[in-house]
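Single-structure report; data block below.
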Amino acid sequence: MNNQIADAVRLFNREEYEKAGTVFRSVLVIDPYNSVAKSYLARIAKQSGAGEQEAPPPREFSSGVLELIKGRHEQAIRLLKAAQPGMDQDASLHAYLGVAYCLRHRAAGKKETDALRSARLEFRRALEIEPSYQLDRTLFSRDVIDVFQGVRKK
């Protein structure tokens, strides 16, 4: 499924919204709670909606998500932070940043407490924006999900 999501993000980056939407919808058939697919489908709907159109998310956001899917947390953090000025009210941006910080924490042998603190802050921000936000359990590891759920319970 990660390959499908990565392919769909690439299509989105090339502004092939119809094709990207088809792939994202196929992901939701398998996993109806997939947060990446839902987030991108919402953006695609805004792109193709009538009336005033919202600008697409910055390329840094889409590239950051791809890096996150590939497990490259440092690159993901850099790209997602670059997208933040235009997307600060987007729950998915903060959730993905939180995931990237969790991966940094894990890569450091769970010794980098600043990364864990940053992950919790980003998850808290995502939940402030969208209280029902869920991380995709098939895309993200159990330890990341546990940190996210721990923030939700507080």
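What follows draws every value from the coordinates through simple rules; no lab data is involved. What you are looking at is a predicted structure, and each value in this text was computed from that prediction instead of being measured. Reconstructed Cβ throughout: ideal geometry from the backbone, glycine too, with neighbour counts over all protein chains shown.
For the options 21, 64, 109, a Gaussian network treatment of the chain with springs between C-alpha atoms closer than 10 Å singles out 109 as fluctuating the most. Using only Cα atoms, tell me the angle between helix 35-48 and the longest principal axis of the chain; keep it within 0 to 90° and round to the nearest 10. With rounding to tens, the tilt is 30 degrees. Cα axis of helix 73-87 to longest principal axis of the chain: angle in degrees, 0 to 90, nearest 10? Orientation of helix 73-87: about 60 degrees from the principal axis.
For the pair residue 110 and residue 2, a Förster radius of 25 Å applied to the C-beta separation gives a FRET efficiency near 0.60, rounded to the nearest 0.05. Comparing 35, 118, 132 in a Gaussian network model of the chain (Cα springs below 10 Å), the most mobile by mean-square fluctuation is 132.
Taking 7 Å along the Cα-to-C-beta vector as the label spot, tell me the residue 153-residue 130 distance in nanometres, rounded to one decimal. Between residue 153 and residue 130, the simple spin-label model gives 2.4 nm.
Just the C-alpha atoms of the chain: what Rg/Rh do they give, with Rh taken as the Kirkwood radius?
Details: Rg = 14.8 Å, Rh = 15.5 Å.
Dividing the radius of gyration by the Kirkwood radius yields 0.95.
Helix 113-129 and the longest principal axis of the Cα set of the chain meet at an angle near 40°. Comparing Cα centroids, segment 9-46 and segment 65-95 end up 17 angstrom apart.
When the chain is treated as a Gaussian network with alpha carbon springs shorter than 10 Å, the biggest mean-square fluctuation among 28, 66, 97 belongs to 28.
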